[in-house]
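The values are calculated or read from the model by the stated rules, or taken from the named source; none is laboratory data. Source: prediction; values computed, not measured. Methodologically, a virtual Cβ is constructed for each residue, glycine included, from the backbone with ideal geometry; neighbour enumeration extends over all protein chains shown. We work out accessible area using only protein heavy atoms, side chains counted, and drop any ligands, DNA or RNA first. Shrake-Rupley method; radii C 1.70, N 1.55, O 1.52, S 1.80 Å.
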Amino acid sequence: MPAKIPTVEIAKGVQMPVIGLGTYFQPEVGDATKWAIDAGYRLIDTVELYKNEEDIGKALKETLEKGVVKREELFILSKVWSYHHREDEVVEACKNSLKKLQLDYLDLYLIHLPIGLNFHKEDVYFPYREDGVLDTNDIDYLETWRGMEKCVELGLTKSIGISNFNSRQIERILSVCKIKPSSLQVELNPHVTQKELLKYCKEKNIAVIAYTPIGRPNLQEKTPNYIFDDRVLAIAQKYGKTATQIILRYLIDCGACPIPRSVNKQRIESNIDIFDFNLTPEEISVIDSFNANKRFCKFTDAKGHKYHFLGPEDF
């Protein structure tokens, strides 16, 4: 029996599951998509950058044709890449993602980064100039947001949001937008808990989606430390869970929606088996203690750009 996943309303009539399948740079993710849906996942996260929208689209089509789920039961999320930050380009980028995914609409569409990049050629998503500097541009993400709003108006997506933005950047959007951001996707795990950003988003009624929620486990080096810590393992033993499951439950209890990535069927099923317990405030405090404001996913090549801020809630 597939797990029943709680949801959170991110826009009028739009319910987002509180956990989903991440597909970060996993090109062959068709089987994982089908396994996830069979296990009860309904949120699938992707983006042009990952080069897997077509693979996911084939899996979705097969699953829908078999009647495993109905389209309205799924929550499909994609993002506009930084090549397409001009207002008129955003709609075309969204249409292109829909074509690859073989869908009529997205449930959520995000601006992937606040920083625009100049197009060089296909499959070069991070272009560099001859001097070795990342080839960025100064297109204002407020212009990009106007394109996002058009995507909603055209029925291409039910809701829109941002990814890798900080509170100051969100405030700029809120000050001029016709449609407010429904959600924010950022790196969130015990090494970068981003409590102030979580608090801010709660006040603004913006859902937070946590990517890299577990970190990047390395069994040989026993990293990140919170996966192998005796205190976390004791909590896991108490609930009959794994340390990974405890971390995912922690993020949900903190108000975030994690999207762990995996192409392993057993891990996919295990990651979603976290809705039969809640952590106590004391247990949450234990995991809070691992915060170091250090990210696993860094984007330092854009430092110095006008939309690249420095600070614990920035990338």
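Listed by position, the helices (runs of 4 or more DSSP H) enclosed by the range 183-244 include none that has at least 3 residues that are touching a strand residue (DSSP E or B) at 6+ places or on another chain (Cβ under 9 Å) and aliphatic (A, V, I, L, M). No other residue among 97, 82, 78 is small (Gly, Ala, Ser), under 19 Å from residue 300 (Cβ atoms) and either in contact with a strand residue (DSSP E or B) (Cβ under 7 Å, 6 or more places away or on another chain) or crowded, with 18+ Cβ neighbours inside 10 Å (or both) apart from 82. Filtered by the rule that a residue be touching a Ser or Thr at 6+ places or on another chain (Cβ under 6 Å) and either surrounded by fewer than 23 Cβ atoms within 10 Å (Cβ to Cβ) or of a type outside the set (A, V, I, L, M, F, W, C) (or both), the range 149-188 gives 159, 161, 182, 185, 187. Taking (1) under 18 Å from residue 12 (Cβ atoms); (2) part of a helix (DSSP H, G or I) in turn, residue 179 satisfies each apart from (2). Pairs are defined by a Cβ separation below 8 Å, a sequence spacing of at least 6 or placement on different chains, a first member in the range 170-184 that is at pLDDT 95 or above, and a second member that is among the basic types (Lys, Arg) and outside any helix (DSSP H, G or I); the pairs so defined are 170/204; 173/180; 174/180; 174/204; 180/204. Taking residue 67, is it without any contact (Cβ under 8 Å) to a residue 60 or more places away in the chain, more than 22 Å from residue 164 (Cα to Cα) and surrounded by 18 or more Cβ atoms within 10 Å (Cβ to Cβ)? The answer is no for residue 67.
Filtered by the rule that a residue be within 16 Å of the chain's Cα centre (by Cα), without any contact (Cβ under 8 Å) to a residue 40 or more places away in the chain and open to solvent by less than 10 Å² (accessible area, probe 1.4 Å), the range 1-60 gives 33, 44, 52.
Does residue 125 fit the bill of being part of a loop (DSSP other than H, G, I, E, B), in contact (Cβ under 8 Å) with a residue 24 or more places away in the chain and either touching a Ser or Thr at 6+ places or on another chain (Cβ under 9 Å) or surrounded by 14 or more Cβ atoms within 10 Å (Cβ to Cβ) (or both)? When the stated conditions are applied, residue 125 passes them. Among the residues of the range 233-245, the ones that are more than 10 Å from residue 214 (Cα to Cα) and within 23 Å of the chain's Cα centre (by Cα) come to 1 in all.
Within the range 285-299, residues that are touching a residue at least 40 places away in the same chain (Cβ under 8 Å) reach partners that are hydrophobic (A, V, I, L, M, F, W, C) and open to solvent by less than 50 Å² (accessible area, probe 1.4 Å) with beta carbons closer than 6 Å, at six or more positions or on different chains, in the pairs 293/192; 295/192; 299/315.
Among residues of the range 128-160 being of a type in the set (S, T, N, Q) and outside any helix (DSSP H, G or I), the one that is nearest to the chain's Cα centre (by Cα) is 159.
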